Amino acid sequence: MTILRPYGDTTGDGMVQLSFTLPVSAVGSQAKAAEGAAAQLAAKMGIDPAMVVHTRPMGPDFTFFVVYGRVNHLVDTDQVTVVQRDYPLLTPKEVNLALKRTLRRKLVVVGACIGTDAHTVGIDAIMNIKGFAGEKGLEYYGEITVVNLGAQVSVPELVVRAQEERADAVLVSQVVTQRDAHLLNTKEMSAAFREAYPADRRPVLVVGGPRFDEGAAADLGVDRVFSRGTTPGEVASYLTHRITSARTSRAAQKAGV
Amino acid sequence: MTPRSPGKLDLDPVTVRKARTLARQVGRPIVRLAQQHTTVSVERATLRLAGLHGADAEGIPWVNRLADAVRGDVGLEHGIALPVWDALLRGEADDLTVLAQKASAGSVRFRVPEGRELVRARAASRKHVGAGVRRLDARRRERDKLVRRWGDPEQKPWIYLIVATGDIYEDIPQAQQAAREGADVIAVIRSTGQSLLDYVPEGATREGFAGTYATQENFRLMRAALDDSSKELGRYVRLTNYASGLCMPEIAALAGMERLDMMLNDSMYGILFRDINPVRTFVDQRFSRQVHARAGIIINTGEDNYLTTADAVEAAHTVTTSQLLNEYFAKEAGLEDWQLGLGHAFEIDPGVPDSFRLELAHALLARELFPRAPLKWMPPTRHMTGDVFRGYLLDGFFNLAGALTGQGILLVGMMTEAVVTPWLSDRDLALQNVRYVMNAAGNLHEDFRPVPGGFIAERARQVLGESIDLLERILAHEGKYGLLEAIADGTFGLMKRPADAGRGLDGVARKAPGYFNPASELLEDRP
């Protein structure tokens with residue numbers, strides 16, 4: 001077990017910074033009371049002592065605060081739970097080689113933003129050759145055929161196109177969402193695919209976007225959820241791992257091993 | 001805008017002329033194509049100018065109901081004005097609303113009038129639609145009067161801020177607060193997905209996704225609120241919305257009638273980024289720009305979008321090419337230089353060496369190519385990572401580039417771009433950033449003169465050269481409509497958009513001989 005504290009300028013000092021707005025006035029004689037309110041919030045968050053280092057009135061009704069202070073919470077690393085990468089990270093060359101060896105044809109990936117979301121930045125970053133974070137997108141991979149349907153694609157349309165293209169995998173991106181629309185859209189999508197395909201032929205379903213919880217795949221009915229900061233290489237590696245290992249295990253079953 | 005002293009970049013006038021000539025050659029066949037077609041939305045906009053508004057119990061506007069009924073009986077190719085006013089003259093109804101109600105119930109038959117009845121229908125429609133055009137004129141005069149009374153912002157660029165809550169009654173106090181904090185232009189972002197609705201929603205709306213629906217009533221409410229703010233602040237606060245998507249002609253007409261001041265209106269955005277049919281877009285574009293020209297509205301074009309999907313260095317020339325095309329299409333439709341808020345953006349990867357010099361080169365090129373246009377300068381979005389501190393610095397450099405290159409309209413960048421919708425404090429910090437830069441370096445452009453033949457001047461020349469190459473490649477396409485073919489084969493970005501596909505294609509009709517639209521006629525006939 002390891003215990004961690006935030007690090008300001010000395011080991012163990014526990015220093016954090018924080019900024020927030022309160023709907024109070026800090027104009028004139030009310031400044032002191034406003035600062036006190038900010039200090040109280042910080043104290044309740046476990047920051048003690050809290051230094052309110054900046055107080056700025058924004059109009060008559062709101063005040064912006066910057067607070068520095070020592071937080072009394074500890075982090076226990078044993079209690080950290082995250083979804084760990086359970087597939088090897090491959091280079092584009094390794095992905096191409098693995099796909100060529102197991103599939104003997106190109107891997108077909110269909111991507112779209114579904115629902116009313118018009119923001120293709122996520123799907124484009126993963127699929128377009130341009131890529132993201134210094135990694136080329138899936139279009140760059142010789143053994144992957146990419147069909148990017150763009151924005152505002154309806155679920156039935158996505159299913160039809162996936163069937164037409166004989167998709168091995170379907171990537172769905174959801175960026176702008178309100179009232180949990182991204183969750184509802186994803187559930188609708190996975191249900192539609194389960195209905196349209198026999199269980200063993202269904203393409204691998206992947207969703208991505210900044211608001212998703214990576215641990216929610218089962219709940220959403222998809223095979224994998226990718227969150228903020230995912231790179232094309234991670235998606236390509238995951239798909240390769242998933243599809244080649246499924247092939248291998250199916251072949252093994254057939255061979256009676 | 002005062003034209004800057006000529007030639008900080010020392011652009012070759014022959015090359016600049018060549019670029020404009022090429023843009024004209026690329027654009028002209030598209031204008032002819034637009035003149036030969038009409039769309040459901042152009043026809044509905046005509047009805048809106050004639051005063052038809054409101055919707056049925058299902059929320060479908062009466063203009064849609066009436067246009068659909070006429071189209072079902074006689075098609076769209078004659079224009080709907082003649083069949084509609086013929087029916088009114090035949091006594092089918094007393095006014096357009098009753099006619100629309102009867103038409104949607106199926107109790108009116110429409111026909112294309114001939115002979116004397118044709119002449120009468122034409123005159124009657126001209127009179128009613130003319131009243132709408134006069135309303136555009138009146139609202140324009142009213143704006144001129146209010147700008148004289150309350151004044152323009154003291155500084156350039158004008159500060160442009162966005163509000164977007166989904167609820168017009170929530171937007172109003174936010175917009176007024178933003179104006180108090182220094183915004184000169186308020187943009188109300190539309191609800192996600194409105195661009196693909198083939199009707200304009202009605203009434204005041206409180207339910208939108210990541211934005212608020214553009215409706216006539218929302219326009220009216222917000223403009224009235226900003227009139228109050230203008231009075232309070234002693235400067236005229238402008239209001240912006242979006243004339244884009246499937247209903248852009250109608251939204252343009254509503255904006256003109258409700259005295260909006262700026263509209264986002266790009267010649268190709270809908271095609272490339274929303275997969276709207278190219279012919280539909282160009283026809284709707286031309287009509288909406290004619291309305292904006294008449295109404296004295298400043299358009300904002302959408303070149304920043306090219307840089308959010310492609311690399312900002314590699315694709316710099318696509319921005320220039322699009323600006324040249326937008327300028328041609330705008331002027332053809334009657335817009336004047338002061339109405340051309342041509343877009344561009346600060347989107348170069350900050351990790352690229354000399355990225356700021358490249359940004360200055362691109363921004364200055366736009367400034368010098370279009371010396372009398374206000375230019376809309378868009379902040380970084382692609383390379384805002386969630387590190388708000390670094391983002392704040394990047395926004396500072398964006399503001400500095402805007403000040404150094406004399407941009408007309410500056411969309412304020414938020415350090416929380418890509419993290420959350422802007423918080424109250426984000427907006428306040430962003431405006432402090434703008435104010436600091438303008439106060440510290442607002443006049444630095446007087447001293448800023450890139451070395452002749454140096455990095456900035458050479459880069460600008462290179463981008464202009466590449467945009468000329470691109471225009472030549474578009475012209476080299478074999479068919480009649482080089483630009484349509486270029487759009488179809490993916491010349492712009494990676495998006496391939498064939499002319500016979502895309503949304504809204506079924507709302508396009510080729511005009512028949514004798515096609516008549518009083519609005520087009522009045523708008524072509526410039527005052």
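The values are calculated or read from the model by the stated rules, or taken from the named source; none is laboratory data. Values in this document were obtained by computation on a predicted structure and should not be read as measured data. As a convention, Cβ positions derive from the backbone with ideal geometry for all residues, glycine included, and neighbour counts pool all protein chains shown.
Look at (1) part of a helix (DSSP H, G or I); (2) more than 20 Å from the chain's Cα centre (by Cα); (3) surrounded by 23 or more Cβ atoms within 10 Å (Cβ to Cβ) and you find that B:Met414 fails only one, number (1). Each residue in the stretch A:119-131 was checked for being more than 10 Å from every other protein chain (Cβ to nearest Cβ) and either surrounded by fewer than 19 Cβ atoms within 10 Å (Cβ to Cβ) or in a strand (DSSP E or B) (or both), and 0 of them qualify.
Of all residues in the stretch B:207-231, which are without any contact (Cβ under 8 Å) to a residue 60 or more places away in the chain, away from chain A (no Cβ under 13 Å) and not hydroxyl-bearing (Ser, Thr, Tyr)? Passing the criteria: B:Ala214, B:Glu217, B:Asn218, B:Phe219, B:Arg220, B:Leu221, B:Met222, B:Arg223, B:Ala224, B:Ala225, B:Leu226, B:Asp228.
Restricting the search to helices (runs of 4 or more DSSP H) fully inside the stretch B:245-312 and requiring at least 3 residues that are small (Gly, Ala, Ser) gives B:248-257, B:278-295.
Listed here are the residues, each with its yes/no results for (1) more than 14 Å from every other protein chain (Cβ to nearest Cβ); (2) at pLDDT below 95.
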| position | (1), (2) |
| --- | --- |
| A:Tyr7 | yes, no |
| A:Leu22 | no, no |
| A:Ala31 | yes, yes |
| A:Ala37 | yes, no |
| A:Leu41 | yes, no |
| A:Lys44 | yes, no |
| A:Ile47 | yes, no |
| A:Val53 | yes, no |
| A:Gly59 | no, yes |
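Whenever a residue of the stretch A:143-168 is closer than 17 Å to A:Thr186 by Cβ and within 14 Å of chain B (Cβ to nearest Cβ), its partners that are basic (Lys, Arg) and outside any strand (DSSP E or B), lying with C-beta atoms within less than 7 angstrom and at least six residues away or across chains, give the pairs A:Leu149/A:Arg161. Here are some residues: B:Val163, B:Val129. Which one is crowded, with 21+ Cβ neighbours inside 10 Å, over 21 Å from the mean Cα position of the chain (by Cα) and of a type in the set (Val, Ile, Thr)? Checking each option against the conditions leaves just B:Val129.
Residues in the stretch B:420-445 that are more than 27 Å from the chain's Cα centre (by Cα) and outside any helix (DSSP H, G or I) were compared, and the one that is surrounded by the fewest Cβ atoms within 10 Å (Cβ to Cβ) is B:Asn443. Regarding the stretch B:433-451, can at least one residue be identified that is hydrophobic (A, V, I, L, M, F, W, C), within 14 Å of chain A (Cβ to nearest Cβ) and out of contact with any helix residue (DSSP H, G or I) (no Cβ under 7 Å at 6 or more places or on another chain)? No, the stretch B:433-451 contains no residue that is hydrophobic (A, V, I, L, M, F, W, C), within 14 Å of chain A (Cβ to nearest Cβ) and out of contact with any helix residue (DSSP H, G or I) (no Cβ under 7 Å at 6 or more places or on another chain). Residues that are assigned to a loop (DSSP other than H, G, I, E, B) and touching a Gly at 6+ places or on another chain (Cβ under 8 Å) within the stretch B:172-189 comprise B:Glu181, B:Ile189, listed in sequence order. As a summary of the residue check, A:Tyr7 satisfies the conditions (1) in a strand (DSSP E or B); (2) in contact with a Gly (Cβ under 9 Å, 6 or more places away or on another chain) except for the one numbered (1). In the stretch B:267-293, the residues that are under 9 Å from B:Gly504 (Cβ atoms) form Cβ pairs under 7 Å with partners that are among the charged types (D, E, K, R) and outside any helix (DSSP H, G or I), at six or more places apart or across chains, as follows: B:Ile276/B:Arg503; B:Asn277/B:Arg503. Of B:Gly54, B:Gly106, all but one fail to be modelled with pLDDT of 95 or more and over 21 Å from B:Ala512 (Cβ atoms); the exception is B:Gly54. Within the stretch B:44-60, can you find the residues that are loosely packed, with under 14 Cβ neighbours inside 10 Å and either within 19 Å of B:Leu76 (Cα to Cα) or of a type in the set (A, V, I, L, M, F, W, C) (or both)? B:Ala57, the sole residue that qualifies.
Among the numbered conditions (1) on the phi < 0 side of the Ramachandran plot; (2) at pLDDT 95 or above, the only one that B:Gly91 does not meet is (1). The set of residues in the stretch B:414-432 that are at the interface with another protein chain (Cβ under 9 Å from one of its Cβ atoms) and closer than 12 Å to A:Thr21 by Cβ comprises B:Trp423, B:Leu424, B:Ser425, B:Arg427, B:Asp428, B:Leu429.
For the stretch B:275-317, the tally of residues that are away from chain A (no Cβ under 14 Å) and more than 24 Å from B:Glu485 (Cα to Cα) stands at 11.
In the set (1) among the acidic types (Asp, Glu); (2) closer than 30 Å to A:Gly229 by Cα; (3) surrounded by 17 or more Cβ atoms within 10 Å (Cβ to Cβ), the condition left unmet by A:Glu35 is number (2).
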